[in-house]
Amino acid sequence: MVVDAGMNDLIRPSLYEAHHEIKAVKAARSKTRGDLVGPICESGDFLALDRDLPAAKEGDLLAVMSAAPTASACRRTTTAGRGPPR
């Protein structure tokens, strides 16, 4: 599943194999097994690999849990795109 967030927003999964739970903001109808990848064409642009993920369609919101402090700290020092919601 390709989403609009990726390694430029949260590098920990790519660098350290960090595990962040992925949840649907609205209750998901079902789960699907796969990868959650970002829009950057790099092999390291992923948030989750080979995981059970909420089934989502275009426009659905997903939450990457336990990411805000790290993402906020990293984002403050860059100028690429918008920062994470607070």
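What residue, among those in the stretch 12-23 that are touching a helix residue (DSSP H, G or I) at 6+ places or on another chain (Cβ under 7 Å) and either polar (S, T, N, Q) or part of a loop (DSSP other than H, G, I, E, B) (or both), is surrounded by the fewest Cβ atoms within 10 Å (Cβ to Cβ)?
Ala18
With part of a loop (DSSP other than H, G, I, E, B), at pLDDT below 90, at negative phi and surrounded by 12 or more Cβ atoms within 10 Å (Cβ to Cβ) as the only criterion, which of Ala28, Ala71 stands out?
Ala28
Every residue, every condition in (1) more than 13 Å from the chain's Cα centre (by Cα); (2) loosely packed, with under 14 Cβ neighbours inside 10 Å; (3) at pLDDT below 90, yes or no:
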site	(1), (2), (3)
Thr32	yes, yes, no
Val37	no, no, no
Glu42	yes, yes, yes
Asp52	yes, yes, no
Glu58	yes, yes, no
Leu61	no, yes, no
Ala67	no, no, yes
Thr77	yes, yes, yes
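Looking at (1) out of contact with any strand residue (DSSP E or B) (no Cβ under 7 Å at 6 or more places or on another chain); (2) of a type in the set (Ser, Thr, Tyr); (3) closer than 16 Å to Ala67 by Cβ, which is the one condition that is false for Ser30?
Going through the list (1) out of contact with any strand residue (DSSP E or B) (no Cβ under 7 Å at 6 or more places or on another chain); (2) of a type in the set (Ser, Thr, Tyr); (3) closer than 16 Å to Ala67 by Cβ, Ser30 breaks only (3).
Just to be sure, is Asp35 touching a Gly at 6+ places or on another chain (Cβ under 8 Å) and of a type in the set (Asp, Glu)?
no
Give me the pairs: first residue in the stretch 23-48 and under 16 Å from Gly59 (Cβ atoms), second residue charged (D, E, K, R) and surrounded by fewer than 12 Cβ atoms within 10 Å (Cβ to Cβ), beta-carbon distance under 7 Å, and six or more apart or on different chains, which are they?
Matching pairs, first to second residue: Pro39/Asp4.
Which members of the stretch 10-22 meet the condition of being farther than 23 Å from Asp60 by Cα and in contact with a Phe, Trp or Tyr (Cβ under 8 Å, 6 or more places away or on another chain)?
Answer for the stretch 10-22, where residues must be farther than 23 Å from Asp60 by Cα and in contact with a Phe, Trp or Tyr (Cβ under 8 Å, 6 or more places away or on another chain): just Ser14.
The values are calculated or read from the model by the stated rules, or taken from the named source; none is laboratory data. Nothing here was measured: the structure is a model prediction, and the numbers come from that model. No Cβ is skipped: glycine too gets one built from the backbone with ideal geometry, and neighbour counts run over all protein chains shown.
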